[in-house]
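Here is the structure we will look at, set down as structure tokens.
The values are calculated or read from the model by the stated rules, or taken from the named source; none is laboratory data. Keep in mind that what you see is a predicted model, and the values were worked out from it rather than measured. For neighbour counting, all protein chains shown are included, and Cβ atoms are generated from backbone atoms with ideal geometry for every residue, glycine included. Surface accessibility is based on the protein's heavy atoms, side chains included, excluding ligands, DNA and RNA. Shrake-Rupley method; radii C 1.70, N 1.55, O 1.52, S 1.80 Å.
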Amino acid sequence: MGLRPMPGNFITTRLNAMLGWGRKYSLFHYPYVTACCGMEYMSAACAHFDIDRFGAGWTRFSPRQSDLLLVVGTISQKQAPVLRTVYDQMTEPKWVIAFGACAVSGGIYDNYAVVQGVDQVIPVDVFIPGCPPRPEMVLDALLKLQDKIQKSKQDWRWKRQGS
Amino acid sequence: MEETGILDELVRRFPGDVLEASSELGDAAAVIRKDALLEVMQFLKEKPYEFAMLLDLTCVDYPERAERFEMVYHLFSLSTNKRLRIKLSVPENAAGVDSLVRFWKNADWLEREVFDMFGIRFEGHPNLQRLFMNEAFEGHPLRKDYPLRKRQPMVPLRK
């Protein structure tokens, strides 16, 4: 006979899990591309490796419409205030991926001009090393971020904080 | 070498000002006195040599030398297809080097870069401000005595 759908076609879940499920498969990403890693980002985002398979296909060019900030490339000290502003403009909940060696740690640029890792400026959820990282690593990072989103305690904006 | 023609002419015209002239592997280079820069450059820019292009203008820091900095100018003549390098020494506390903006417009940003990175002052420059670093930046990062890992962040760092 097999399984029968329950009468009324409903499923049971917890609100936290459902929110996480919804959020992890609808990431709108904002590419903050400053350097050569951008080529690798394009490859990962476009048809060859197709980030859309994982529900992160929407590239938004306004930080106000996006919830995933991809910091792709070298961030100089002069650019740090701009990056900080872009991050502050994004709506909650929001996540950040540091893409490539320069964004992770400054990379080869251990000098006066370059921020030694964007986590000195904004909080970062997932780091992707590599110079540049392979698109598979980018997809792997996306899966890790989705896992993190699913497992984290979801922010309920309609619930009073602290209650 | 055919480039030695220019060097010979330079030595002949500016006997006290050309300190050194050499040509290796087709690279003609002359070291001149700092004060003779404008005269030499004007002569080179006009006919017959017509060095119409200032390919590059940069600086080197030699901390061990008495005259610490060395300016290097790379010139190219479109009409004669010749290249020439002019160098001059600059002491650390010198009044400044004459600006070449009057001869080549692109010297504007090149001199601003050298001012930003080495702190060389250019006399007669129309807008001598930092080109790369922000206005609040202290020091000149390409000087050899700038601390290798000194950071001057523009936003407060998280850690």
Inset, instruction - DSSP loop (so not H, G, I, E, B), at most 13 other Cβ within 10 Å: list which GluC sites (Glu not before Pro) in segment B:42-74 pass both filters. - result: B:E46, B:E64, B:E67
Legend entry - Stretchable slack from B:V11 to B:K150, in nm (0.36 nm times residue separation minus alpha-carbon distance): 45.6 nm
Legend entry - Fraction of antiparallel bridges per DSSP, the protein assembly as shown only, in percent to nearest 5: 55
Inset, instruction - Taking 40 Å² as the minimum loss, tell me which residues in segment A:99-135 lose that much accessible area going from the chain by itself to the full protein complex (1.4 Å probe). - result: A:D110, A:Y112, A:D119, A:Q120
Inset, instruction - Putting +1 on Lys and Arg Cβ atoms and -1 on Asp and Glu Cβ atoms, find which of A:T59, A:G38, A:I75 reaches farthest to the positive end of the dipole of segment A:38-95. - result: A:I75
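At 10 °C and 1.306 mPa s, grab the translational diffusion coefficient of segment B:63-118 from Stokes-Einstein with a Kirkwood Rh over Cα pairs, rounded to a whole number in µm² per second.
124
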Inset, instruction - Quick one: pull the percent of accessible area on segment B:6-108 belonging to carbon and sulfur, 1.4 Å probe, ligands and nucleic acids left out. - result: 46
Inset, instruction - Return the whole-Å distance between the Cα centroid of segment A:44-96 and the Cα centroid of segment B:124-157. - result: 29
Inset, instruction - Compute the FRET efficiency between B:N134 and A:E136 as 1/(1 + (r/R0)^6), taking r as their Cβ-Cβ distance and R0 = 35 Å, and round to the nearest 0.05. - result: 0.35
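By DSSP, what percent of the beta bridges with both residues in chain B are antiparallel, rounded to the nearest 5? If you can, show how the numbers build up before the last one.
Details: 23 of 28 bridges.
If we restrict to bridges inside chain B, about 80 percent are antiparallel.
For the pairing of chain A with chain B, what total accessible surface becomes buried, with a 1.4 angstrom probe, in square angstrom to the nearest 100?
For chain A against chain B, roughly 1400 Å² becomes buried.
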Legend entry - Rounded to the nearest 10 Å², the accessible area of B:R121 at probe 1.4 Å: 140
Inset, instruction - Indicate the residues belonging to segment B:126-159 that lose 50 Å² or more of solvent-accessible heavy-atom surface (probe 1.4 Å) upon moving from the chain alone to the assembly of all protein chains, ignoring ligands and nucleic acids. - result: B:R151, B:M154, B:V155, B:L157, B:R158, B:K159
Legend entry - Nearest 10 degrees, 0 to 90: helix A:135-151 Cα axis against chain A principal axis: 50
Inset, instruction - Hey, can you find the accessible area per residue of chain A for me, probe 1.4 Å, expressed in square angstrom? - result: 56
Inset, instruction - Provide the percentage of antiparallel DSSP beta bridges, counting only those with both residues in chain A; round to the nearest 5. - result: 5
Legend entry - Probe 1.4 Å, accessible area per residue of segment B:1-42, Å²: 57
Legend entry - Nearest 10 degrees, 0 to 90: helix A:80-89 Cα axis against chain A principal axis: 20
Inset, instruction - Run the 1.4 Å probe and let me know the accessible area of B:M133, rounded to the nearest 10 Å². - result: 20
Inset, instruction - Could you tell me what percent of the accessible area of chain A is made up of carbon and sulfur, with a 1.4 Å probe and every protein chain present? - result: 59
Legend entry - Contact order normalised by residue count of segment B:19-149, Cα under 8 Å, 6+ apart, percent: 20
Inset, instruction - Using Cα pairs closer than 8 Å and at least 6 residues apart in sequence, work out the relative contact order for segment A:72-163, in percent. - result: 28
Legend entry - Prolate/oblate/rounded call for segment A:27-93, Cα gyration tensor, a/c under 1.5 rounded: oblate
